1. Hey, can you tell me all the residues within the stretch 523-564 that are surrounded by fewer than 21 Cβ atoms within 10 Å (Cβ to Cβ) and within 16 Å of the ligand (Cβ to nearest atom)?
2. Checking L255 against (1) in contact with a helix residue (DSSP H, G or I) (Cβ under 8 Å, 6 or more places away or on another chain); (2) away from the ligand (no atom under 16 Å from the Cβ); (3) not small (G, A, S), only one condition comes out false. Which one?
3. Among the candidates Y213, Y236, which residue alone is assigned to a helix (DSSP H, G or I) and of a type in the set (S, T, Y)?
4. For G183, all conditions in the list (1) away from the ligand (no atom under 16 Å from the Cβ); (2) modelled with pLDDT under 95; (3) not charged (D, E, K, R) hold save one; what is the number of the exception?
5. Going through the stretch 271-291 one residue at a time, which ones are assigned to a helix (DSSP H, G or I) and either basic (K, R) or within 15 Å of the ligand (Cβ to nearest atom) (or both)?
6. Condition test on K515, is it surrounded by fewer than 20 Cβ atoms within 10 Å (Cβ to Cβ) and farther than 21 Å from L604 by Cβ?
7. Hey, does the stretch 586-606 have a residue that's farther than 22 Å from S706 by Cα and free of Cβ contacts under 8 Å to residues at least 12 places away in the same chain?
Amino acid sequence: MKKSVFTAMLLAVTIGASAQKPAIPRDAALEAKVEKKLASMTLDEKIGQMLELNFDVMGKMAVSDGKRQWVLNETMLDTIISKYKIGSILNAPGTKAATVKQWQEWIGLIQEKSMKYIGIPDVYGLDQNHGVTYTQAGTLFPQPINLAASFNTELAFSGAQITAYESRASNCPWVYNPVLDLGRDPRWPRIWESFGEDPIVNARMAEAEIKGYQGDDPNHLGRYNVATSVKHYFAYGAPFTGKDRTPAYVSPQMLREKYFEPFKAAIQAGALTIMVNSGSINGMPVHASYEYLTKWLKEDLQWDGMIVTDWADINNLFSREHVAKDKKDAIRLAINAGVDMSMDPYSVDFCILLKELVTEGKVSMARIDDAVRRILRLKYRLNLFDQPNTGGKGYEKFGSKEHAEKALRAAEETEVLLKNEGNILPLSKEMNVNGNSVNRKILLTGPNANQMRCLNGGWSYTWQGSNAEDLSESYNTIYEALCNKYGKENVVLEQGVTYNERGQYWEENAPQIEKAVTAAKECDVIIACIGENSYCETPGNLTDLWLSENQRNLVKELAKTGKPIVLVLNEGRPRLVSDIEPLCKAVVDILLPGNYGGDALANLLAGDANFSAKMPYTYPREINSLNNYDYKVSEEVGTMAGAYNYDAKVSLLWPFGYGLSYTTYEYANLKVDKTQFTADDVLTVSVDVKNTGNRVGKESVLLYSSDLVASLTPDNRRLRQFTKIELQPGETKTVTFKLKAKELAFVGADGRWTLEEGDFLLKVARLSTKTACTKTKIWDEPNI
Ligand code: BGC
């Protein structure tokens with residue numbers, strides 16, 4: 001695309017603000033408190049509120065009580081709060097999960113000093129991503145990518161609600177979650193932190209989690225609620241290189257229509273804070289973009305929440321992005337763009353430099369006041385002034401059986417059955433040999449067979465999820481869960497390939513494949529648990545999407561024994577396995593199911609629970625075909641007439657939305673109530689779903705649309721709505737979707753929402769029905 005055209009398109013997306021009502025309704029009494037406090041503050045106090053430091057800088061690792069641990073330096077904490085008046089602290093010191101008691105003491109002390117020296121409580125933040133990452137003995141749920149696979153927003157809601165409760169039990173009121181970066185690139189190491197590749201799945205899961213975390217009233221959070229920080233605004237998951245924290249190049253249409261969508265939904269659902277993408281979009285670092293931060297969020301959506309940077313990202317504006325000449329220049333850019341709080345983990349320079357900028361008139365007092373107002377508002381909304389501490393009495397359900405049960409049920413709903421040739425699964429304990437019933441002998445193999453670390457993934461007790469096996473000892477690995485299910489005497493563990501726990505996440509020890517092959521000869525079935533070890537962020541970058549050669553060789557050698565193989569994939573992203581998939585009778589992708597993932601798998605493999613998850617992203621077959629499900633029609637066309645082959649093919653292993661069950665479903669009678677509609681109509685779409693098998697099952701019903709002709713090449717299909725139902729054997733339910741016609745719109749060449757006259761197909765499963773828009777309508781944000 002020529003540069004001038006491209007720039008013009010970017011400008012075109014600068015959409016005029018509409019008379020929008022505030023995303024979060026204003027509470028006059030609360031606002032009055034904010035104004036009163038603001039009016040009493042000095043410039044130093046205001047600037048201090050705008051800085052967030054890493055707790056690590058307030059202590060050090062030392063030997064205490066006979067063990068090496070992080071020890072707080074109270075004098076340092078005193079100085080930081082009394083002198084610099086900082087408003088927020090984050091992270092787990094020593095970067096490992098602490099006990100509830102320890103958190104209560106630490107944050108309790110921070111609050112005591114904050115109230116004493118500045119009269120404003122601290123807002124402590126932690127990455128409680130799939131449960132309380134940083135509190136020992138808390139409940140860890142399946143990772144977000146699993147929740148997406150469940151297509152069940154109830155699970156997202158209840159997981160977030162429990163996490164909020166357990167986070168408050170640990171005295172932490174602010175979580176850096178949910179992650180709404182669309183996981184559209186299989187190479188990106190944070191795809192598992194997201195809800196997968198579709199904007200609507202991300203949007204609906206975000207709404208559910210925000211309600212679960214924050215409760216129903218964003219102005220008055222209760223003692224069991226936490227504020228969310230939806231992140232990383234936005235298109236952070238679209239790095240051109242596939243490597244974390246590298247530039248994204250996304251068309252203005254795609255940015256608005258897909259990447260912005262979940263953030264818009266989150267804001268409209270009441271999200272109180274947003275964390276910014278560390279990278280750049282089309283050359284513009286998001287931390288420096290007035291357009292994206294102030295215009296799109298604060299003005300267009302009338303959002304009065306608070307924007308926090310990601311880790312040291314103002315520094316990156318000069319050190320990595322080269323859009324500022326030094327740190328002071330970078331602070332000027334970011335604060336003027338709309339950043340309210342700088343997560344500058346290791347330095348208080350921010351306070352000094354921002355004060356200079358204000359004195360020199362390079363950052364206005366009005367901007368400072370706006371930022372501080374947003375920070376104070378957050379603290380009042382969290383009720384921290386009246387109740388700076390939580391935990392203790394009333395939090396007895398922390399890490400309870402009740403919470404564990406929810407995490408187990410969630411895990412069962414998030415593991416995806418992708419292949420089941422000859423109905424080899426479920427795998428009963430006994431098998432018939434010459435008319436006699438004998439116990440089935442299972443060979444359990446592969447590097448993921450006996451480790452909690454890879455079930456949990458990153459953000460589990462530690463940042464990378466490594467060096468934390470001591471904290472997850474009480475939960476069952478796949479091996480332990482299968483022994484409980486099938487009897488220890490019937491499960492032979494011979495891993496063949498193991499990870500090097502002291503190395504990088506991808507390092508493996510010298511393989512011992514022959515041992516596994518020998519063991520297989522004595523067994524009836526092989527369960528091969530392969531995939532990835534845990535990782536997070538940039539250390540999770542990779543050089544080759546193919547699954548490790550050792551692991552694929554393990555499966556290839558085992559296949560030569562002729563014993564049936566059940567392949568269990570346990571991985572944070574879809575690693576290529578197309579050469580070994582044909583060698584396996586069954587495939588289950590458990591993704592990252594958390595502490596109860598092994599038990600859930602045992603229940604599913606044995607048939608004590610039924611599979612109901614579907615793929616949250618497209619699983620590629622080949623490295624040069626990394627499509628998403630909503631590809632353009634021209635990416636999949638047949639050969640044209642004549643001598644030359646001009647075809648295009650989408651080559652994938654398992655499509656988005658694909659997943660099997662132990663029962664079967666039949667879809668019939670797809671109907672839409674209007675064969676013609678205009679933009680303000682609501683379409684009622686219904687379909688009958690019947691359980692035609694002999695087991696109870698849950699089925700996710702996905703409604704897609706295809707715009708058949710449009711002024712910009714339309715996507716072949718788009719998910720518009722989804723729901724999940726439970727059906728008894730033989731039972732039929734009619735599922736009804738209320739689809740606003742505006743949901744069928746796209747962002748046009750001029751950056752505006754566009755619903756064009758013409759035919760649409762509505763699709764559910766293999767059924768489709770036609771309807772037509774009779775009048776074109778074009779409008780600005782906010783959509784719908
Ligand atoms: C990550 C964020 C995280 C933050 C604070 C950053 O490195 O990108 O996702 O919330 O650290 O721990």
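The values are calculated or read from the model by the stated rules, or taken from the named source; none is laboratory data. Please read these numbers as outputs of a predicted model, since none were measured by experiment. For neighbour counting, all protein chains shown are included, and Cβ atoms are generated from backbone atoms with ideal geometry for every residue, glycine included.
1. E537, T538, P539, N541 - these are the residues of the stretch 523-564 that are surrounded by fewer than 21 Cβ atoms within 10 Å (Cβ to Cβ) and within 16 Å of the ligand (Cβ to nearest atom).
2. (1) is the only condition that L255 fails.
3. Details: Y236 fails: assigned to a helix (DSSP H, G or I).
After applying the criteria, what remains is Y213.
4. Only one criterion in (1) away from the ligand (no atom under 16 Å from the Cβ); (2) modelled with pLDDT under 95; (3) not charged (D, E, K, R) is unmet by G183, namely (1).
5. From the stretch 271-291, those assigned to a helix (DSSP H, G or I) are 286-288, 290-291; that's our starting set.
The answer is V286, H287.
6. Details: surrounded by fewer than 20 Cβ atoms within 10 Å (Cβ to Cβ): yes; farther than 21 Å from L604 by Cβ: yes.
Answer is yes for this residue.
7. Taking the stretch 586-606 and keeping what is farther than 22 Å from S706 by Cα, we get 586-606.
Of the ones still in play, those that are also free of Cβ contacts under 8 Å to residues at least 12 places away in the same chain are none.
No, the conditions are met nowhere in the stretch 586-606.
Quick grid of which residues meet (1) buried (at least 23 other Cβ atoms within 10 Å of the Cβ); (2) among the β-branched types (V, I, T); (3) more than 13 Å from the ligand (Cβ to nearest atom); (4) more than 23 Å from P388 (Cβ to Cβ):
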| position | (1), (2), (3), (4) |
| --- | --- |
| S167 | yes, no, yes, no |
| W174 | yes, no, no, no |
| G196 | yes, no, yes, yes |
| A203 | no, no, yes, yes |
| D217 | no, no, yes, no |
| A235 | yes, no, yes, yes |
